[in-house]
Amino acid sequence: MNDVRLDRRAFLGLGAGILGVALTPVWLRPAGRIHRLSVPVMGTIADLAVVDSDAGRARVALDAAAGELRHVEALMTRFVASSDVGRFNAAPMGTRVPVSHETAEVVRAAIGWARATGGAFDPTLEPVARLWDPAFVDRPPDRDVLRSAASESRGWTALEVQVRGDAAWLTRAPGTALDLGGIAKGWGIDRAADRLAGMGVASALVSVGGDLAALGAAPEGRPWRVGIRDPRDPEGIIRTVELTDGALATSGDYERWFEHDGVRYAHILDPKRAAPHRGVLRSVTVTAPRAVDADAAATAAFVLGHDAAIERFDGLAERPRIIHTA
Ligand code: ADP
Ligand code: MG
């Protein structure tokens, strides 16, 4: 969730029948009621859009939604020592670490996704992720270093969450360290959308780095139209998706990566190999009613591959659906 490159994987189409770059003012014209805010958060850019006849009220709602995103980032980033995740990862083995109920809820969701995907989604890869993080390295780690990090890790099955009333704890088992980078962004998007709904907003779009949730429909009752970027041509659009009340997330190898000796190493890890996943897919786009599920499912689908992901997703209550692969 902390990257210096600022990219967006999806454009937001805000006009009736028009898709394209978020900044084109012509789209704001039709109703004159779409109010927008772009803020840097979670290592990328959040684009928020609220439909409201009252500009002042929309501004307050947009600020509150952005605040939710910052709040979730502050709790769950692994790059800050004072976050729940930072404190957990620094705690001595075997200790119970108090965390917010929000973080406990995301960890529970993450464990659910780990179980549902046979461990393709694994929120405990932090020790391995650190060694391969494109934000910090430009070559594969030393074999011995990698072997010891991988053998230390006991994976998601060693992760324990307890919740009692308002209090929550995670237990630091040997070899567990948390990385919620594959799911927290989606959870934050849901919280921002919930906040807007709670403030009486009926129509809005919350996008963070291209993962997004639609609240209600776009102006004139039309679905929101969203473009998925082409992984081979970041300026191009390969597909448009219509969305009313739902979420969409894309995971791919084209956003954060380094290249070494002609091989591209991206930021999604294959837990079995303790190394960046290398498969045929460049990107996977998943829809689900909730962004938390679309986010985790997209990350998992990237690792599993199209067919295995479809098999795993079949019948899940979270209703993830792969709508595009490239
Ligand atoms: P992005 O964060 O770019 O939107 P993803 O949602 O696919 O992309 O999440 C990728 C992030 O998830 C990585 O940066 C890392 O923090 C974490 N991660 C990497 N591999 C896995 C995995 N197999 N399971 C769960 N999380 C992962
Ligand atoms: Mg994800």
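The table below lists the values:
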read-out: Label zone at E152 (point 7 Å along Cα-to-Cβ), backbone N below 18 Å, segment 257-278; value: 271-276
read-out: P(r) of segment 227-326 over all Cα-Cα pairs, binned every 5 Å from zero, in whole percent; value: 2, 13, 23, 24, 20, 11, 5, 2, 0
read-out: Solvent-accessible area, 1.4 Å probe, carbon plus sulfur percent, for segment 60-163; value: 52
read-out: Loop trypsin sites (Lys or Arg not before Pro), segment 173-264, which have at most 11 other Cβ atoms in a 10 Å radius of their Cβ (DSSP); value: R232
read-out: Per-bin percent of Cα-Cα distances, the chain [10 Å]; value: 6, 27, 35, 22, 8, 1, 0
read-out: About the Cα centre, charge dipole magnitude for segment 225-294 (Lys/Arg +1, Asp/Glu -1 at Cβ), debye; value: 180
read-out: Charge tally in the Cβ shell below 11 Å around R195, where Lys, Arg are +1 and Asp, Glu are -1, R195 excluded; value: -3
read-out: Low-density loop positions, chymotrypsin sites (Phe, Trp or Tyr not before Pro), segment 202-261 - DSSP coil, at most 13 other Cβ in 10 Å; value: none
read-out: Gain in span if fully extended, D63 to L316, counting 0.36 nm per residue against the direct Cα distance; value: 87.7 nm
read-out: Among D194, D179, D144: highest mean-square fluctuation, GNM of the chain, C-alpha pairs under 10 Å; value: D144
read-out: Distance between modelled label sites at E235 and V163, nm, 7 Å Cα→Cβ extension; value: 4.7
read-out: Kyte-Doolittle at least -1.0, axis length at least 24 Å by Cα - qualifying DSSP helices, the chain; value: 55-76
read-out: Net charge contributed by nearby residues that have their C-beta within less than 15 Å of G67 (K/R +1, D/E -1); value: -2
read-out: Computed E for A197/H101 - FRET, C-beta separation, R0 25 angstrom, nearest 0.05; value: 0.80
read-out: Alpha-carbon centroids, segment 208-274 and segment 81-157: separation in whole Å; value: 23
read-out: Where labels lie 7 Å past Cα in the beta-carbon direction, separation of R130 and V263 in nm; value: 2.3
read-out: Förster radius 35 Å - calculated FRET efficiency between A81 and D307, Cβ distance, rounded to 0.05; value: 0.30
read-out: Surrounding net charge for V163, when Lys and Arg each add one and Asp and Glu each subtract one, Cβ distance under 9 Å; value: 0
read-out: Residue of A202, A192, A249 that the Gaussian network model of the chain assigns the largest fluctuation, springs spanning Cα pairs under 10 Å; value: A202
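The values are calculated or read from the model by the stated rules, or taken from the named source; none is laboratory data. Fair warning: this is a prediction, and the values are worked out from it, not measured in the lab. FYI the Cβ positions are ideal-geometry reconstructions off the backbone, even for glycines, and counts take in every protein chain you see. The area values use the complete protein model at the heavy-atom level, side chains included, leaving out ligands, DNA and RNA. Shrake-Rupley method; radii C 1.70, N 1.55, O 1.52, S 1.80 Å.
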